[in-house]
Amino acid sequence: MENSEIISVHDLTKRFPMGLSEFTALRGINLEFSRGEFSGVVGPSGSGKTTLLNIIGLLDNPTDGDAIILGNPSRSLSVREAAMIRRKHMGFIFQTYNLLPVYTVFENVEFPLLLLSMSTGERKKAVLEALAWVGLSDKEKSKPAQLSGGECQRVAIARAMVKRPDIVLADEPTANLDADNSHHILQTMEKLNKELHTTFIFATHDEKVISYLRRKITLVDGKVSHDEVLKP
Amino acid sequence: MLAFKLAYKNLVGAGLRTWLNVFVLSLALVIIVMTWGIVEGWNVQAKHDMKEWAVGGGEYWNEKYDQYDPLSLNDGHGSIPPEIAKLCSSGEAVPVLITQATAYPGGRMRNILLNGIDPSQQIVKMPTSVMNGDTSVINAIIGTRMAKATKLSVNDMVSIRWRDAKGTFDATEIRIAGIFHSNVPNIDINQIWLPLDELQKMTSMKGQATYIILKQGMTSAPTVPGWIHKGYDVLFEEFDRVIKAKHASSSVVFLILLSLALLAVFDTQVLSIFRREKEIGTYIALGMTRWQVVWLFTVEGAMHAVLSVVAGAIWGTPLLYLLSKNGFAMPKGSEGYGFTLAEKIFPVYGAGTIIITAVVIMLATTIVSFIPSRKIARMKPTDALRGKAQ
């Protein structure tokens, strides 16, 4: 299970227009990710971590090269097809949580399942299970504004995990959290990765996150400078 | 269905902003329905009054008579044909003879029309029976508008001068036996009503009439040579034109109100898309297509209209009901406007008017919501997630 490749990136280059010139965020990246990995893309600000995650998450297109996600070359996917892959196979965790403010915790976690047209009963079961994973069963009726930062991020994890996706992409998930909350969140994700064999890819420069990773990919100026296995 | 569910949650979650828009839209809806109801109420009431006081169930006009051509009065009269005379004697019709004349109330000259009508008639509501009083003088009745204009009161004597059928001038004094109040100005302004046989004698037009008023509810109108039957389509033609013009002016009010309300919705949508960029990016990241998000925002905007219909029904129904029961008072002096207009108008709200107004508001709101929402389709999800799409 662990060794089956679900993401491969070939000669990936991404350039952004900047006034009259261009800024190259990624330069000829080649990477493979297997099912069940708990890996992170690390590097300083502007090194291209988020851009790489966006391309893997089919939220952006490469300028050159390609990313093959679950067997689908990203360049050949239509906007709708990319949305369908995200809907069924991907979960996202953002630095600023990106919870929907008018929905309760339950409804936020339920949202991805609504898009999958699951029945009410199945949805309820899955949401309660996801909230139990992150230890927020007692907060299902709360609104995001009533939660702490750590709780919000746990809701975001539950939302990302509720549909049991193949891939979870987490962009600086601990950037707004204190040390205790960061460890709690990371332990939760590590546990889910082991139990559900979900592939986690982080974009981070937080040492706390790095200490949990089993694989660390270091980007410098849009290039992979190191790709190392930290834990077997 | 999902979009409706989400849109409803987002709208309700938006709180005061939503309810302000809903209130403005519902205000537009209720005022539009009320305005149209008043015009329709006027239409219904005026036609009812005209039937009661003037045109009954239709008229026969002498073939040379034209209500809108004063010159036709000279020749527009003739002997009442036996078919119509039969209707008159059975109480199903009443003949009216008209002649031009001059009255001298208070020594001033005033051009008027003398109308002869059978005092015992029951076809129209005019109190003609009061003309049956003192037989030593000619008894006449006039309307309140005429009384006000000429300063005539009951029992006043007034000189009148006219030409008979041969063109000879003649003059006499008549007594004002009664003053009636009617919402129909055509039978009032510059009109004096006399007993038919007196006017026939005065004008040497024995047995003649200008037009015949039929009883309301008469289902058939026989063809009579020399006389033309006029139905409501002709008799109400002028009034229908006034109503049509009123509908047109109401539509302007409709447009102004609706535009103001739609401007509020448009503004909210633009602001909403600007403020909710991250949310839009999140929807896309979670697997919604961009057009699904456009649809969600459009439905959100359109739902303002749905909620406004509900809100309008809640606060507007009792208000409109009260208005329809108590009436809408017309300004003082409106009886001098020259068209049939009651002192109070009781609005009539047709289901069609309400449904059409609600549908127009919903459609317009949907379009106005869609226009700014299209911008989402052009947003880059990565920029939206960072809140930098605009």
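Each of B:Tyr65, B:Thr144, B:His229 was scored by the projection of its Cα onto the charge dipole of the stretch B:58-230, and the greatest displacement toward the positive side belongs to B:Thr144; charges sit on the C-beta of Lys, Arg, Asp and Glu. Summarising the label geometry, the points placed 7 Å from Cα in the beta-carbon direction at B:Ser120 and B:Lys166 lie 3.2 nm from one another. Partner shielding of A:88-100 amounts to 4, given as the average count of beta-carbon atoms from other chains within 10 Å of each residue beta-carbon.
Compute the relative contact order of the stretch A:20-161 as a whole-number percentage, counting only Cα pairs closer than 8 Å that sit 6 or more residues apart in sequence.
On the way: 120 pairs, mean separation 30.8, N = 142.
With pairs under 8 Å counted, the relative contact order is 22 percent.
Here the stretch B:58-230 is treated with +1 on each Lys and Arg Cβ and -1 on each Asp and Glu Cβ, and its dipole about the Cα centre works out to around 400 debye.
When every Cα-Cα distance of the stretch B:58-230 is counted in 10 angstrom steps from zero, the calculated P(r) takes the values 10, 40, 37, 12, 1 percent. Pairs of Lys residues in the stretch B:58-230, spaced 8 or more positions apart or belonging to different chains, with C-alpha separations under 19 angstrom: 10 in total. For chain A, the longest principal axis of the C-alpha atoms and the axis of helix A:79-89 are separated by about 50°.
Relative to the longest principal axis of the Cα atoms of chain A, helix A:120-133 runs at roughly 80 degrees.
Using the Cα centre as the reference, give the magnitude of the dipole from point charges on the C-beta atoms of chain B (Lys, Arg: +1; Asp, Glu: -1; all else neutral), rounded to the nearest 20 debye. Charge dipole of chain B: 2240 debye, to the nearest 20. Counting Cβ atoms of other protein chains within 10 Å of each Cβ in B:381-387 and taking the mean gives 5. Only helices enter this figure: runs of n ≥ 4 DSSP H residues, each worth -39500 (n - 2.57), summed and divided by the residues of chain A, yield -10500 deg cm²/dmol at 222 nm to the nearest 500. Within straight-line reach of B:Lys380, meaning a Cα separation under 15 Å, sit the following aspartates and glutamates at least 8 residues removed in sequence or on another chain: A:Asp60, B:Glu277, B:Glu279.
Using the Cβ-Cβ distance between A:Asn30 and B:Ile256 with R0 = 56 Å, the FRET efficiency computed as 1/(1 + (r/R0)^6) comes to roughly 0.30.
Per residue of B:274-286, other chain Cβ atoms within 10 Å of the residue Cβ number 5 on average.
To the nearest Å, what is the center-to-center distance of the stretch B:292-325 and the stretch A:44-63, using C-alpha atoms only? The distance from the Cα centre of the stretch B:292-325 to that of the stretch A:44-63 comes to 45 Å. Once C-alpha pairs closer than 8 Å and six or more residues apart are averaged by separation and normalised to the residue number of the stretch B:1-108, the relative contact order reads 11 percent. In plain terms, the residue of B:Phe254, A:Phe92 with the fewest other Cβ atoms within 10 Å comes first and the most crowded comes last, giving B:Phe254, A:Phe92.
Can you give me the span-like helices of chain B, meaning DSSP H runs with 24 Å or more of Cα extent along the axis and Kyte-Doolittle mean at or above -1.0? Could you put the intermediate results ahead of the total?
Details: long enough: B:16-50 (50 Å, 0.95); B:237-275 (56 Å, 0.96); B:290-326 (53 Å, 0.88); B:351-377 (39 Å, 1.67).
Flagged H segments are B:16-50, B:237-275, B:290-326, B:351-377.
Charging the Cβ of each Asp and Glu at -1 and of each Lys and Arg at +1, and nothing else, the dipole of the protein assembly as shown about its Cα centre rounds to 840 debye.
Annotation: lysines with alpha-carbon distance below 29 angstrom to A:Lys125 (same-chain offsets under eight excluded): A:Lys88, A:Lys139, A:Lys141, A:Lys143, A:Lys163, A:Lys191, A:Lys194, B:Lys5, B:Lys9, B:Lys278. For the stretch A:51-87, the residues whose amide N sits under 15 Å from a probe point set 7 Å from the Cα of A:Phe23 along the beta carbon direction are A:51-52. Across the options A:Ser211, B:Ile98, B:Thr357, the greatest Cα extent toward the positive end of the charge dipole of the protein assembly as shown (unit charges at beta carbon of Lys, Arg, Asp, Glu) belongs to A:Ser211. Against the longest alpha carbon principal axis of chain A, how many degrees, from 0 to 90 and to the nearest 10, is the axis of helix A:179-196 turned? In chain A, helix A:179-196 runs at an angle near 90 degrees to the longest axis.
When the charge dipole of the protein assembly as shown is built from unit charges on Cβ atoms (+1 for Lys and Arg, -1 for Asp and Glu) and taken about the Cα centre, the candidate among B:Ser324, A:Gln153, B:Val294 whose Cα reaches farthest toward its positive end is A:Gln153.
Could you work out the relative contact order of chain B, using alpha carbon pairs under 8 angstrom and six or more residues apart, expressed as a whole percent? Write down the numbers at each step before the final one.
Details: 671 pairs, mean separation 104.5, N = 390.
So the answer I get is 27 percent.
Note on A:Lys124: aspartates and glutamates with a C-alpha under 18 Å away, same-chain residues under 8 apart excluded, are A:Glu107, A:Glu110, A:Asp138, A:Glu140.
Laboratory data are not the source of any read-out in this text; all were calculated from the coordinates shown. As the structure is a computational prediction, the values presented were derived from the model and not from experiment. Glycine also receives a Cβ, built like all others from the backbone with ideal geometry; neighbour counts cover every protein chain displayed.
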